[in-house]
Amino acid sequence: MKNKKYILSVLLLICVLFTSSCSIVVNETVRNTSELKWWQKTIAYEIYVRSFKDSDGDGIGDLNGITSELDHLKELGVGAVWLTPCYVSPQADNGYDIADYYNIDPAYGTMEDMDRLILEARKRDIRIIMDLVFNHTSDENEWFVQSRSSADNDRSDWYIWADPREDGSAPTNWRSIFGGSAWEYDENRGQYYLHTFLPQQPDLNWANPEVRKEVGNVAKFWIDKGVGGFRMDAITYIKKPAVFEDGTPDAEDGMVGIHSMTANTDGILDYLHEFKSSVQEGTDIFTVGEANGVSAEDLDKWVGTDGVFDMVFEFGLVNIDLPDESNWCETRDWTLFEFRSFFQNSLRSSDKVGGWFPVFLENHDQPRSINHFMNGEDDRTAKAGALATLLLTMRGTPFIMQGEELGYVNVDWASIDDYNDISTKNHYEFALGEGYSEEEAMEGVHHFARDSARTPMQWDDTKNAGFTEGTPWLPVYPDYKEFNCTAEKEDPDSVLNCYITLSRLRSEHTELIDGAYKDIMPKNNSIFAYTRTNGNRQATVLINFTSEKVTYDTELIKDAACIFSSSSEEHEGILSPYEAVIYENVYQ
């Protein structure tokens, strides 16, 4: 298995080195900023509702807490706020197990609180983006309660049911994404139901037109509420194969990951085209799909004029160091050539069909980018500034994960018992079952645990970082005395002020929004360098990804003015460790 992964990694590197040796130009025929849609011109921000701000002292973030901090988002230039699920849920997977799509979970507030949040956000030119989880529901959802009650009720086939094998075992050897069999036996029906994730998250049967109609009704309900769009969770799993068959085992447990058996099954785009035509047409909302398993080469089917979404999150970049997503204990080294190619391939594939690119380095399922892409926490502020420059000057809509603008890093808790996330615990147990030591399993946890993106927001240096007056549901990270919103606002060299400055530059130098992208140093393995050009304006972005000083040809910035530097030192032709600079030419 390890030899196979090594060979695949070498082949990937060869392909990347070939494509990276060529200068990439994206969208030479650009559109004026005025011709772009609102969501193409703004900055998006993801809020993990449970961890953003607690208004009532119960230790859990809530909607009123978000409303109270909208001015922080406005100062960042945010125009779209993606909320993780805040619907009624038993919280088996922190809200991604939905029991009622039409109501707010009491832990987060009321529907009146949501209405107020939507209204107050709109006053600040911010639109709320809802997370739609339509691959599965909670097993406490009334739809599933009815479905499991018998094999002949009106909702009996709203979920994926299958008979046991002759020996009573599960229908196939599929392993769920969170570990263990993807099938759960139901005594009442005498059948197994399918769950791509937890047993408490049974998969909906999209082959049933009534299911497709009802999820459309859910979306329309929230559009009527005034939301600005949707992020579509785990959307690549909604179409299942017509026949359930065993796959070739990929680990010692004798099972095969369900992703390889069900992701992007033929016919999925038909379902999504139907959803788009019935829900989105005639509105100004946007949709962004979580499209794990969709490659850059396939984006032309998913976005653009004939696509099903306005944007998709595809995972090539964030999985750059994982030959196998199910195994956190085996990672691979990567180069800046590869890192750059993931951006460029996605940009190029999206743009050639009139699609748009969501630029992201973090989300609630990913480690913090300083650890993930910059090899540790030394020179933390400098590294955060380099990544912020990339995020906010790349062509596309930037998505900031809460806390990213403050330079957050991964948690490093000592014991698996300290972690909350069920996926992290299951990855740990899987590693032990595969023969890794506890030390090796915990090393994987420290690198990739989802809790790192979910610790409470750090607002000030008071108790619990100003997140709550109660006991926080997840511990506040100990660095909050230094890395908090209040302290960073007062420090002109902070990560937060770097983000605020870059956000202002985007609005003032609009080629950073609508300009064509061109890679200008394709063979350099230390500097990520590109131009953004529209009309007579050209911005040149240079980012040092190393801990050493590096040089570049000053001809690249001839007659240009420096409009941004993440370092206090400023030397033409030289970049300090992790320094990012932006130069601008305005031609007559």
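What is the one condition in (1) closer than 17 Å to L391 by Cβ; (2) part of a loop (DSSP other than H, G, I, E, B); (3) not aromatic (F, W, Y) that P323 does not satisfy?
So P323 meets the others, but not (1).
Go through the residues of the range 416-433 one by one and say whether even a single one is basic (K, R) and more than 19 Å from the chain's Cα centre (by Cα). Please lay out each step first, then the result.
Restricting attention to the range 416-433, the residues satisfying the condition of being basic (K, R) are 425.
From the residues that got through so far, the ones that are more than 19 Å from the chain's Cα centre (by Cα) too are 425.
Scanning the range 416-433, I find at least one residue that is basic (K, R) and more than 19 Å from the chain's Cα centre (by Cα), so the answer is yes.
If we scan the range 498-517, do we find a residue that is within 24 Å of T335 (Cβ to Cβ) and modelled with pLDDT of 95 or more? Spell out the reasoning first.
The first filter runs over the range 498-517 and keeps only residues within 24 Å of T335 (Cβ to Cβ), leaving 517.
Subset that is modelled with pLDDT of 95 or more: 517.
Yes: the range 498-517 contains one or more residues that are within 24 Å of T335 (Cβ to Cβ) and modelled with pLDDT of 95 or more.
Checking F342 against (1) more than 30 Å from P478 (Cβ to Cβ); (2) of a type in the set (A, V, I, L, M, F, W, C); (3) crowded, with 24+ Cβ neighbours inside 10 Å, only one condition comes out false. Which one?
If we test F342 against (1) more than 30 Å from P478 (Cβ to Cβ); (2) of a type in the set (A, V, I, L, M, F, W, C); (3) crowded, with 24+ Cβ neighbours inside 10 Å, just (3) comes out false.
Which of the following residues is farther than 14 Å from G396 by Cα and of a type in the set (F, W, Y): W334, W356? Full working, then the answer.
Details: W356 fails: farther than 14 Å from G396 by Cα.
Matching residue, one of W334, W356: W334.
Can you tell me which residues in the range 513-538 are farther than 19 Å from L36 by Cα and either of a type in the set (V, I, T) or in a strand (DSSP E or B) (or both)?
To start, the set of residues in the range 513-538 that are farther than 19 Å from L36 by Cα comprises 518-531.
K518, D519, I520, I527, F528, A529, Y530, T531, listed by residue number.
Quick test of your reading of the structure: G293 fulfils all but one of (1) on the phi < 0 side of the Ramachandran plot; (2) touching a residue at least 40 places away in the same chain (Cβ under 8 Å); (3) part of a loop (DSSP other than H, G, I, E, B); (4) within 19 Å of the chain's Cα centre (by Cα). Name the failing condition by number.
So the condition that G293 fails would be (1).
Regarding F360, is this residue aromatic (F, W, Y), at pLDDT 95 or above and surrounded by 17 or more Cβ atoms within 10 Å (Cβ to Cβ)?
Details: aromatic (F, W, Y): yes; at pLDDT 95 or above: yes; surrounded by 17 or more Cβ atoms within 10 Å (Cβ to Cβ): yes.
Considered against the rule, which asks whether it is aromatic (F, W, Y), at pLDDT 95 or above and surrounded by 17 or more Cβ atoms within 10 Å (Cβ to Cβ), F360 comes out as yes.
Which residue out of V308, V294 is buried (at least 17 other Cβ atoms within 10 Å of the Cβ), at pLDDT below 95, within 21 Å of F134 (Cα to Cα) and not small (G, A, S)? Let's see the steps before the verdict.
Working: V308 fails: at pLDDT below 95.
Unique residue meeting the criteria: V294.
Take the conditions in the same structural domain as G229 (by TED's automatic domain parsing) and in contact with a helix residue (DSSP H, G or I) (Cβ under 8 Å, 6 or more places away or on another chain) and apply them to R50. Does it pass? Talk me through it step by step, then tell me what you get.
Values: in the same structural domain as G229 (by TED's automatic domain parsing): yes; in contact with a helix residue (DSSP H, G or I) (Cβ under 8 Å, 6 or more places away or on another chain): no.
The answer is no for R50.
Looking only at residues in the range 364-415 that are within 23 Å of D460 (Cα to Cα), under 17 Å from the mean Cα position of the chain (by Cα) and of a type in the set (V, I, T), which one is surrounded by the fewest Cβ atoms within 10 Å (Cβ to Cβ)?
Only one residue tops the list, namely V409.
Out of everything in the range 560-587 that is under 23 Å from I513 (Cβ atoms) and without any contact (Cβ under 8 Å) to a residue 40 or more places away in the chain, what residue ends up being surrounded by the most Cβ atoms within 10 Å (Cβ to Cβ)? Outline the logic, then answer.
Quick first cut of the range 560-587, residues under 23 Å from I513 (Cβ atoms) only: 560-566, 580-587.
Still in the running and without any contact (Cβ under 8 Å) to a residue 40 or more places away in the chain: 560-562, 565.
Numbers: A560: 17, A561: 10, C562: 13, S565: 19.
Top of the filtered list is S565.
Residue by residue through the range 527-546, note down the ones that are in contact with a helix residue (DSSP H, G or I) (Cβ under 9 Å, 6 or more places away or on another chain) and over 17 Å from A388 (Cα atoms). Full working, then the answer.
So in the range 527-546, the residues in contact with a helix residue (DSSP H, G or I) (Cβ under 9 Å, 6 or more places away or on another chain) come out as 527-535, 537-546.
Scanning the range 527-546 gives T533, N534, G535, R537, Q538.
Of the conditions (1) touching a His at 6+ places or on another chain (Cβ under 7 Å); (2) closer than 16 Å to W39 by Cβ, W328 satisfies every one except a single condition; which number is it?
It fails just one condition, (2).
Okay, residues lined up against (1) of a type outside the set (S, T, Y); (2) touching a helix residue (DSSP H, G or I) at 6+ places or on another chain (Cβ under 7 Å); (3) in the same structural domain as E404 (by TED's automatic domain parsing); (4) within 28 Å of G95 (Cα to Cα):
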position: D451; (1), (2), (3), (4): yes, yes, yes, yes
position: P456; (1), (2), (3), (4): yes, yes, yes, yes
position: D461; (1), (2), (3), (4): yes, yes, yes, no
position: G466; (1), (2), (3), (4): yes, no, yes, yes
position: P475; (1), (2), (3), (4): yes, no, yes, yes
position: C485; (1), (2), (3), (4): yes, yes, yes, yes
position: E488; (1), (2), (3), (4): yes, yes, yes, no
position: P492; (1), (2), (3), (4): yes, no, yes, no
position: V495; (1), (2), (3), (4): yes, yes, yes, no
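Starting from the range 320-344, take each residue that is outside the structural domain of T546 (by TED's automatic domain parsing) and list its partners that are of a type in the set (K, R) and at pLDDT 95 or above, counting only C-beta distances under 8 angstrom and pairs at least six apart or across chains.
Note: pairs meeting the criteria are S326/R175.
When you go through (1) under 30 Å from A449 (Cα atoms); (2) touching a strand residue (DSSP E or B) at 6+ places or on another chain (Cβ under 8 Å) one by one for L198, which number turns out not to apply?
For L198, the failing item is (2).
Out of P492, P456, which single residue is outside any helix (DSSP H, G or I), within 20 Å of A382 (Cβ to Cβ) and not aromatic (F, W, Y)? Steps first, answer last, please.
On the way: P456 fails: within 20 Å of A382 (Cβ to Cβ).
That would be P492, the only listed residue that is outside any helix (DSSP H, G or I), within 20 Å of A382 (Cβ to Cβ) and not aromatic (F, W, Y).
Any residue at all in the range 264-271 that is among the polar types (S, T, N, Q), free of Cβ contacts under 8 Å to residues at least 40 places away in the same chain and surrounded by 14 or more Cβ atoms within 10 Å (Cβ to Cβ)?
Step one: of the range 264-271, the residues among the polar types (S, T, N, Q) are 264-265.
Filter once more, keeping what is free of Cβ contacts under 8 Å to residues at least 40 places away in the same chain: 264-265.
Cutting the leftovers down to surrounded by 14 or more Cβ atoms within 10 Å (Cβ to Cβ) gives us 264-265.
Within the range 264-271, one or more residues are among the polar types (S, T, N, Q), free of Cβ contacts under 8 Å to residues at least 40 places away in the same chain and surrounded by 14 or more Cβ atoms within 10 Å (Cβ to Cβ).
Counting only residues that are farther than 21 Å from D365 by Cα, touching a residue at least 12 places away in the same chain (Cβ under 8 Å) and among the polar types (S, T, N, Q), which one in the range 421-480 is surrounded by the fewest Cβ atoms within 10 Å (Cβ to Cβ)?
T471
Taking I258 as the residue in question, decide whether it is closer than 15 Å to V294 by Cβ, buried (at least 20 other Cβ atoms within 10 Å of the Cβ) and in the same structural domain as W82 (by TED's automatic domain parsing). Lay out the reasoning, then the answer.
Working: closer than 15 Å to V294 by Cβ: no; buried (at least 20 other Cβ atoms within 10 Å of the Cβ): yes; in the same structural domain as W82 (by TED's automatic domain parsing): yes.
Judged against the criteria, I258 is not a match.
Can you tell me which residue is surrounded by the most Cβ atoms within 10 Å (Cβ to Cβ) among those in the range 539-550 that are assigned to a strand (DSSP E or B) and among the polar types (S, T, N, Q)?
Residue satisfying both the conditions and the ranking: N544.
Quick test for you: out of S51, S34, S55, S68, pick the one residue that is modelled with pLDDT under 95 and either buried (at least 24 other Cβ atoms within 10 Å of the Cβ) or more than 22 Å from the chain's Cα centre (by Cα) (or both).
Values: S51 fails: modelled with pLDDT under 95; S55 fails: modelled with pLDDT under 95; S68 fails: modelled with pLDDT under 95.
Criteria check complete, one pass: S34.
Restricting to the range 369-409, give me the number of residues that are modelled with pLDDT under 95 and on the phi > 0 side of the Ramachandran plot.
Residues flagged as modelled with pLDDT under 95 and on the phi > 0 side of the Ramachandran plot within the range 369-409 amount to 3.
The values are calculated or read from the model by the stated rules, or taken from the named source; none is laboratory data. Keep in mind that this is a model prediction, so the values were computed, not measured. For neighbour counting, all protein chains shown are included, and Cβ atoms are generated from backbone atoms with ideal geometry for every residue, glycine included.
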